Amino acid sequence: HFNRAIQGGAGKAQNLVRSLMGLSVVQSTISMIRGQFDAAISRMDTMTNFSRTMTAITGSSESASGSLESLKSMTKGTAYGLDTAAAAVQNFTTRGMEIGSATAEVGKWADAVAFYGDGTNETLTTVTDAIGKMLTKGTVEMDQLNRLTDAGINAVGMYAQATGRDAAKVQEHLSKGKISAQDFVTTVSSAFEEGTNGVLNISGAAKEAGATWATTISNMKAAVTLSLIHISEP
């Protein structure tokens, strides 16, 4: 009797644990869906605001819509958020870059952050903000260059290899303003997207990173968000 009582108690305890685990999973799922519903609303706001702002800046609703569609495709299957990519494009565009070029540049640097950095929205924001400040200034200053280096992107080394120059000389020319920010940024991004002069080609790195276990949860959340958007759309 005693053994049966012990076994019965153990069985009840196991059932209780299973029930609690099941409840925890349900609560976690509900919490995720609630959070992603908020994310879905935020994403729709992002799309609306981006279209309105870019149309005002460029004077073309078609250009704004085209950029937004490119951004959707660019971020799909990655750990990057549409709002982060859209903010980066707007940042570049307000600093004088043509919207199509701005959209393409964000895609390239998203690959660099995914390959050399941690592939997060925060780091992509940091890198694109640094680039934006370079473009505004017209020259590449050390504090902004250090932000790229901190993200793991050896931009000076890539520029030197792509142009067949010595890295030390490139650094000297940058400090003296002999290399424009526009030339520096586009040369580096083109180099790592095309493998210029032996620079490692990392094109598509953001999509590849999106397929790893590290970003599976982010992609699941993104899928829930997109589903909620489609449900919410008239």
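The values are calculated or read from the model by the stated rules, or taken from the named source; none is laboratory data. Owing to the predicted nature of the structure, the values given are computational and were not obtained by experimental measurement. Cβ: placed from backbone, ideal geometry, glycine included. Neighbour counts: every protein chain shown. Remember, those area values only see protein heavy atoms, side chains included, never the ligands or the DNA or RNA. Shrake-Rupley method; radii C 1.70, N 1.55, O 1.52, S 1.80 Å.
Restricting attention to the stretch 61-75, the residues being open to solvent by 30 Å² or more (accessible area, probe 1.4 Å) and either touching a residue at least 24 places away in the same chain (Cβ under 8 Å) or in contact with a strand residue (DSSP E or B) (Cβ under 8 Å, 6 or more places away or on another chain) (or both) number 4. Hey, any hits in the stretch 133-142 for a residue that's free of Cβ contacts under 8 Å to residues at least 12 places away in the same chain and open to solvent by 60 Å² or more (accessible area, probe 1.4 Å)? Scanning the stretch 133-142 turns up at least one residue that is free of Cβ contacts under 8 Å to residues at least 12 places away in the same chain and open to solvent by 60 Å² or more (accessible area, probe 1.4 Å). In this structure, does Thr126 turn out to be open to solvent by 50 Å² or more (accessible area, probe 1.4 Å), part of a helix (DSSP H, G or I), free of Cβ contacts under 8 Å to residues at least 40 places away in the same chain and in contact with a helix residue (DSSP H, G or I) (Cβ under 8 Å, 6 or more places away or on another chain)? Considered against the rule, which asks whether it is open to solvent by 50 Å² or more (accessible area, probe 1.4 Å), part of a helix (DSSP H, G or I), free of Cβ contacts under 8 Å to residues at least 40 places away in the same chain and in contact with a helix residue (DSSP H, G or I) (Cβ under 8 Å, 6 or more places away or on another chain), Thr126 comes out as yes. State whether the residues of the stretch 40-57 include one that is modelled with pLDDT of 85 or more, of a type in the set (Val, Ile, Thr) and under 15 Å from Gln90 (Cβ atoms). Yes.
Scanning the stretch 165-180 for residues that are hydrophobic (A, V, I, L, M, F, W, C) and in a helix (DSSP H, G or I) gives Ala167, Ala168, Val170, Leu174.
In the condition set (1) buried (at least 19 other Cβ atoms within 10 Å of the Cβ); (2) in a helix (DSSP H, G or I), Ile153 is compliant with all but (2).
Looking at the stretch 97-122, which of its residues are within 18 Å of Met134 (Cα to Cα) and either among the acidic types (Asp, Glu) or not in a helix (DSSP H, G or I) (or both)? Passing the criteria: Met97, Glu98, Glu105. Determine which single condition Ala162 fails, assuming it passes every other condition in (1) surrounded by 13 or more Cβ atoms within 10 Å (Cβ to Cβ); (2) part of a loop (DSSP other than H, G, I, E, B); (3) out of contact with any Lys or Arg (no Cβ under 9 Å at 6 or more places or on another chain). Evaluating Ala162 over (1) surrounded by 13 or more Cβ atoms within 10 Å (Cβ to Cβ); (2) part of a loop (DSSP other than H, G, I, E, B); (3) out of contact with any Lys or Arg (no Cβ under 9 Å at 6 or more places or on another chain) leaves (2) as the failure. For the stretch 49-60, the candidate set comprises residues that are open to solvent by less than 60 Å² (accessible area, probe 1.4 Å) and part of a helix (DSSP H, G or I); within that set, the residue that is nearest to Gly117 (Cα to Cα) is Phe50.
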